[in-house]
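The block underneath contains the structure these notes are about, expressed in structure tokens.
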Amino acid sequence: MKALILSGGKGTRLRPLTYTGAKQLVPVANKPILWYGIEAIAAAGITDIGIVISPETGAEVRAKTGDGSRFGVRITYILQEQPAGLAHAVKTAQPFLEASPFVLYLGDNLVQGELGLFLECFQARGLDALTLLCSVPNPSAFGVAEVDEQGRVLRLVEKPKHPPSNLALVGIYFFSPRIHEAIASIQPSARGELEITDAIQFLIDQQKQVEALQIQGWWLDTGKKDDLLEANQIILDDCLCTQLEGNIDNTSKISGRVQIAPDSQVINCTIRGPVVIGRDCYLENCFIGPYSSIGDRVKLVDADLEHSVVLEGAAVVGIHQRIVDSVIGQRVQIKAAPQRPKALRFMVGDDCHIELCQ
């Protein structure tokens with residue numbers, strides 16, 4: 001059994017963060033989203049993993065993730081020259097996959113539950129495809145499955161105006177080698193891509209064994225800012241344990257589940273968990289509220305922060321207003337301007353979102 005993780009794509013919904021990096025490397029609770037998928041696959045006992053990368057961000061993914069040894073797996077990187085669809089990614093990876101069954105995992109997904117349980121079902125039933133589904137309130141925004149009472153998939157529809165069900169395709173699939181024949185038999189869709197849903201539909205039409213299982217926990221698609229903040233909140237709620245390894249002075253007050261990494265300094269701060277703070281940070285005269293993740297080498301002085309994600313190397317200094325529901329990118333600097341007359345001064349890139357409350 002092998003695994004194929006897709007880590008390409010342009011990440012347009014997370015711009016401007018993804019102008020300078022891969023969306024799958026954006027951190028949730030200070031860990032790249034991609035790594036959660038690798039860990040889930042490793043926990044299921046699959047150790048041979050291919051990661052499909054793009055020319056734009058592949059070098060960064062490779063440099064950050066490495067050869068897989070830190071996860072106890074072996075990683076092979078596979079270049080997809082153009083984002084021509086999920087099925088095209090599988091076709092590109094066929095020399096790596098060979099004749100092995102495999103799990104296809106979208107690298108920007110976060111799913112609660114043990115992948116091994118779904119793997120056991122796939123193997124025990126001798127299926128050609130197993131799709132994971134999740135009940136959602138807005139099925140028109142996703143690929144949707146129509147299934148019968150036995151769990152057999154009858155039809156797949158991509159972002160339908162009139163959904164046949166509220167069961168969205170999660171972005172995790174198990175396939176037998178028959179999927180390669182299916183991909184070779186389909187044509188590009190109207191948007192010019194080879195769709196994995198078309199390949200699965202081909203298997204259904206050929207009377208192959210295609211079934212679906214509904215996940216019972218949460219599923220998070222981290223493609224937008226609010227999705228990222230929700231994922232950060234849920235992961236901090238579910239996974240965070242208190243671990244205080246930084247230098248914390250006697251005037252600081254820490255409550256709830258808080259992690260502070262080594263070499264970080266906390267002076268006269270109030271921190272209410274769940275909160276995670278990375279390495280080599282400097283915090284002074286701050287209030288850090290629940291559901292905040294602060295990356296490595298971040299500087300916060302005279303700042304109030306809550307339900308936010310601050311990425312590596314950022315600095316927020318002298319902002320005497322509460323920052324909430326925000327994602328602050330790598331090396332961003334936000335500071336109070338001493339000049340008069342009093343004014344707001346910005347240098348803002350494409351696709352940023354700024355809200356000012358007067």
CYS269 long-range amide H proximity, modeled H, under 5 Å: SER252, LYS253, ASN285, CYS286
So which GluC sites (Glu not before Pro) in the range 85-131 end up in coil per DSSP with only 11 or fewer other C-beta atoms within 10 Å? GLU98
Given +1 on the Cβ of Lys and Arg, -1 on the Cβ of Asp and Glu, and no further charges, what dipole in debye does the range 117-266 carry about its Cα centre, rounded to the nearest 20? 220 debye
Within the accessible area of the chain (1.4 Å probe), percent carbon and sulfur: 47 percent
Using helices alone, I'd like the mean residue ellipticity at 222 nm for the chain: each DSSP H run of four-plus residues gives -39500 (n - 2.57), total over residue count, nearest 500. -6000 deg cm²/dmol
Rounded to the nearest 10 Å², the 1.4 Å probe accessible area of THR92 is 40 Å²
Residue among SER54, ILE41, GLY113 farthest towards the positive dipole end of the chain, charges placed on Cβ: SER54
Accessible area expressed per residue, the chain, with surrounding protein chains retained (probe 1.4 Å, Å²): 49 Å²
Take HIS88, HIS162 and sort them by solvent-accessible surface of the protein heavy atoms, 1.4 Å probe, largest at the top. HIS162, HIS88
With θ set to phi - 60° and the Karplus curve 6.51 cos²θ - 1.76 cosθ + 1.60, what are the ³J(HN,Hα) couplings of the range 288-304 in order, to the nearest whole Hz, using x for Gly and Pro? 10, x, x, 6, 10, 10, 10, x, 5, 6, 9, 10, 10, 9, 6, 10, 10
Of the GluC sites (Glu not before Pro) in the range 207-302, those whose Cβ has at most 13 other Cβ within 10 Å and which sit in DSSP loop: GLU245
Specify the longest stretch of the chain that does not include any exposed loop site, a site being one of the trypsin sites (Lys or Arg not before Pro) with a non-H, G, I, E, B DSSP assignment and at most 15 other Cβ atoms within 10 Å. 11-124
Greater than 29 Å apart at Cα, pairs in LYS2/LYS225; LYS23/LYS208; LYS64/LYS299; LYS31/LYS299: LYS2/LYS225; LYS23/LYS208
What list of ³J(HN,Hα) couplings, whole Hz, do you get for the range 29-40 from phi and the Karplus terms 6.51, -1.76, 1.60, once you set θ to phi - 60° and write x for glycine and proline? 6, 6, 9, x, 3, 4, 5, 4, x, 4, 5, 5
What does the C-alpha gyration tensor say about the overall shape of the range 1-144? Classify as rounded when a/c is under 1.5, otherwise prolate if a/b is larger than b/c, or oblate. rounded
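The values are calculated or read from the model by the stated rules, or taken from the named source; none is laboratory data. What you see is a predicted model; the values in this text were computed from it and never measured. Here Cβ is always computed from backbone atoms with ideal geometry, including for glycine, and neighbour counts include all displayed protein chains. The area values use the complete protein model at the heavy-atom level, side chains included, leaving out ligands, DNA and RNA. Shrake-Rupley method; radii C 1.70, N 1.55, O 1.52, S 1.80 Å.
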